[in-house]
Amino acid sequence: MAIRSGAGTGVIVSLVVFVVATVFLLVLSIVFYVGNREQVDKLKSAENSLNLYATSKEQSSDAIQTYAALAKSANQSVSSYLINQIEDRNKILTGNPKATTEEVRAEFHSSIASGKTIAITLDGLERSLNSRQEEVVAHLNDLANARSTISSLEQQLASQAVSAEEEVQVVKEEWQDVQDESIQLNSRANDYFTNRGDRDDRLRGGYQGRIQQLGEDVDFLRIENARLESTIAELRNKIDSGRMGAVDPSTLIDGTVLEISTGDEVFLDRGFNDRIELGMTFEIYDSYSQLREDVSGVIPRGKASVEVVKVGKTTSTAKITRSTSGQPIVRDNIIVNAVYDPNYKYSFLVHGDFDADGDGLPESNNRFIKDQIERWGGKIINDKGMLPGDLDFLVLGISPVEPAGRPPKGASEAMMDDYARKKRAFLDYEHLLNQARAAQVPVLTSNRFLVLTGQRDR
């Protein structure tokens with residue numbers, strides 16, 4: 001019985017301990033449950049609070065993660081970072097960091113109302129500004145070019161004014177000379193008529209012949225006075241509607257044909273002693289009467305052209321380079337070369353452009369004409385725009401065409417320079433031609449020169 005009592009006691013103790021442990025665990029469970037419930041409520045409350053700013057789905061988005069990283073780098077919360085960004089943007093757009101979206105929309109109502117973004121509007125304004133700036137730069141460049149053109153034209157006008165003034169001064173001097181001469185003649189005529197009565201009384205008895213002579217003198221003075229008045233009219237007009245200065249045919253005969261070979265050669269009566277050079281060309285005519293100009297001012301070509309191929313002391317041999325069918329060269333035919341003269345060295349002034357290669361286009365260099373004249377015994381006078389008093393011939397190239405009108409408004413500098421060059425060439429040509437006409441200096445055009453020097457058609 002004693003042993004059973006001990007066993008029963010142990011069971012009771014164990015049971016008590018179990019019950020106590022169970023109660024403790026129950027109490028502990030209740031305590032933990034209550035604490036966990038509070039934590040769950042707090043967690044749920046925190047989640048609800050967080051959802052006010054960002055849902056769990058939004059929190060995991062790339063945008064929120066990017067803002068979180070930027071806020072962390074700025075040592076700010078995400079909310080603080082975003083608020084600062086919004087305020088900075090509002091300040092840039094409206095000047096008010098606390099501006100609402102409606103206030104921003106009101107500030108930019110025209111752009112936003114049309115469906116455009118502010119960025120698009122600003123970009124368009126920037127492009128428009130750049131385009132305006134480019135237009136302003138282009139206008140400034142045009143203005144600079146116009147100023148340069150105006151400056152060039154002013155210089156050209158100044159140069160032309162000086163040239164015109166010089167020409168006017170020359171005409172004034174010539175006019176003054178004529179006036180002085182006219183005054184002298186009028187004075188002489190007045191003196192004569194004043195004293196004529198006295199002289200008539202003294203010479204009437206037996207000096208009728210002398211009286212008649214004096215009457216003839218008076219007539220001569222009247223004729224001279226009329227001539228001077230005509231000269232005055234010429235100088236006033238400075239325009240001569242007549243033909244170029246005619247060439248005296250008798251002065252152009254340079255020799256004759258001695259004999260005719262059976263081949264294509266002829267023998268001339270001029271040689272080394274007469275200053276004949278190899279390569280000289282001559283035009284062959286029957287007589288000097290054929291050297292007269294026609295109604296249009298053109299001297300006809302001869303019936304043949306020859307070129308000197310052999311030179312003796314007193315004679316030379318020439319090859320026929322051109323001939324006319326039915327008009328053979330015969331003995332005593334005359335030879336003509338406007339440059340050559342056996343006894344005299346003619347002076348020539350060469351001006352203008354000549355067709356050197358026969359292509360119909362004038363060359364800007366007339367050096368080949370001058371070389372030819374010098375090679376054949378002529379003397380070249382420098383072209384200074386004026387004719388010297390001892391000039392024998394004026395050789396003119398192809399007549400330049402006067403430019404029609406003036407260059408259009410806005411013409412380039414190159415166009416203005418081309419117009420000025422052509423205008424100057426025309427005026428210089430006409431000025432020399434008018435001088436030659438007034439001074440009665442023979443004028444050899446390009447065609448006349450080729451004809452009267454016996455050269456082949458180019």
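Every read-out reported here was derived from the displayed coordinates using simple, explicitly stated rules and does not represent laboratory data. Values in this document were obtained by computation on a predicted structure and should not be read as measured data. Neighbour counts run over all protein chains shown; Cβ positions are idealised from the backbone, glycine included.
Taken over the Cα atoms of the range 345-458, the convex hull encloses 117 Å³ per residue. Distant-in-sequence amide contacts of residue 316, defined by a placed amide H-H separation under 5 Å and a gap of 5 or more residues or a different chain, comprise 268, 270.
The packing ranking, built from the mean of other Cβ atoms within 10 Å per residue, places the peptides 132-142, 163-173, 340-350 in the order 340-350, 163-173, 132-142, highest first.
To the nearest 0.05, what FRET efficiency results for residue 147 and residue 426 with a Förster distance of 25 Å applied to their C-beta separation? The pair residue 147/residue 426 has a calculated efficiency of 0.30. At q = 0.09, 0.16 Å⁻¹ the log10 of I(q)/I(0) for the range 249-452 amounts to -0.41, -1.08, computed by Debye summation with a single uniform scatterer per C-alpha, solvent ignored. Full extension of the chain segment joining residue 20 with residue 390 gains 117.2 nm, where the gain is 0.36 nm per residue of separation less the Cα-Cα distance. Could you check how many percent of all C-alpha pairs in the range 60-107 are farther apart than 11 Å? Cα-Cα pairs in the range 60-107 separated by more than 11 Å: 66 percent. Would you grab the residues whose amide H sits under 5 Å from the one on residue 350? Only those 5+ places off in sequence or on another chain, please, with H modelled 1.01 Å from N. Amide H neighbours of residue 350, under 5 Å, 5+ apart: 381, 395.
Among 280, 415, a tally of other beta-carbon atoms within 10 Å of each Cβ gives an order, fewest to most, of 415, 280.
The modelled label-to-label distance for the pair residue 406/residue 253, using points 7 Å beyond Cα in the direction of Cβ, is 5.6 nm.
A cut-off of 5 Å between modelled amide H atoms, ignoring neighbours fewer than 5 places along the same chain, links residue 323 with 305. In plain terms, the chain from residue 27 to residue 261 could stretch by 68.0 nm, reckoned as 0.36 nm per residue minus the Cα-Cα distance. Taking label points 7 Å from Cα along the Cα-to-Cβ direction, residue 383 and residue 447 give a separation of 2.0 nm. Sorting the segments 433-442, 364-373 by their mean number of nearby beta carbons within 10 angstrom, highest to lowest, gives 433-442, 364-373.
Taking a point 7 angstrom from the Cα of residue 278 along the C-beta vector, which residues in the range 250-267 have backbone N less than 19 Å away? The answer is 265-267, whose backbone nitrogens lie closer than 19 Å to the label point. Extension gain for the segment residue 371 to residue 160, taken as residue separation times 0.36 nm less the Cα-Cα distance, is 72.8 nm to one decimal.
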